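**Student:** Dropping the structure in here first, questions after.
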Amino acid sequence: MMGMWMAGLTGGDQDSRQQQQQAAMGMNVAELRTELREMRGQIGKLALMNQALWELLCQRLQLTDDDLAKIAQEIDLRDGTADGKMTESPVRCPQCGRISNSRHWKCLYCGLQFEKPAMG
């Protein structure tokens with residue numbers, strides 16, 4: 001303990017701080033690795049379910065990959081940008097009229113719960 005105090009007076013505690021930061025970062029890296037592994041598993045399951053749904057739709061409704069590509073492009077362009085992803089859009093609260101982001105399912109101003117879509 002006294003050595004750490006003395007090192008602090010002389011500026012030698014920088015190594016100690018770096019070691020503490022590295023140890024803390026090491027814990028964070030381990031947590032991030034676990035989260036990444038879990039996300040990869042979830043993505044794999046979602047990909048499987050999407051493929052199953054698409055094949056079921058193709059069989060039952062005689063849809064084609066071109067049909068899927070056309071509707072995906074239409075959805076992509078809803079925000080005015082062809083960037084290969086859906087963008088959240090502003091939502092006007094029917095109760096107070098203020099605008100909230102569509103990722104929120106509750107008005108940030110008056111607290112009204114918005115109706116959630118089945119997907120999204």
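The values are calculated or read from the model by the stated rules, or taken from the named source; none is laboratory data. All of these numbers come straight from a predicted model, not from anything done at the bench. Methodologically, a virtual Cβ is constructed for each residue, glycine included, from the backbone with ideal geometry; neighbour enumeration extends over all protein chains shown.
**Student:** In segment 61-94, how many are of a type in the set (Lys, Arg), in a helix (DSSP H, G or I) and at pLDDT below 90?
**Tutor:** Residues that pass the stated criteria total 1.
**Student:** Among the residues of segment 49-63 satisfying the criterion of being surrounded by 10 or more Cβ atoms within 10 Å (Cβ to Cβ) and of a type in the set (S, T, N, Q), which is farthest from Lys85 (Cα to Cα)?
**Tutor:** That would be Gln51.
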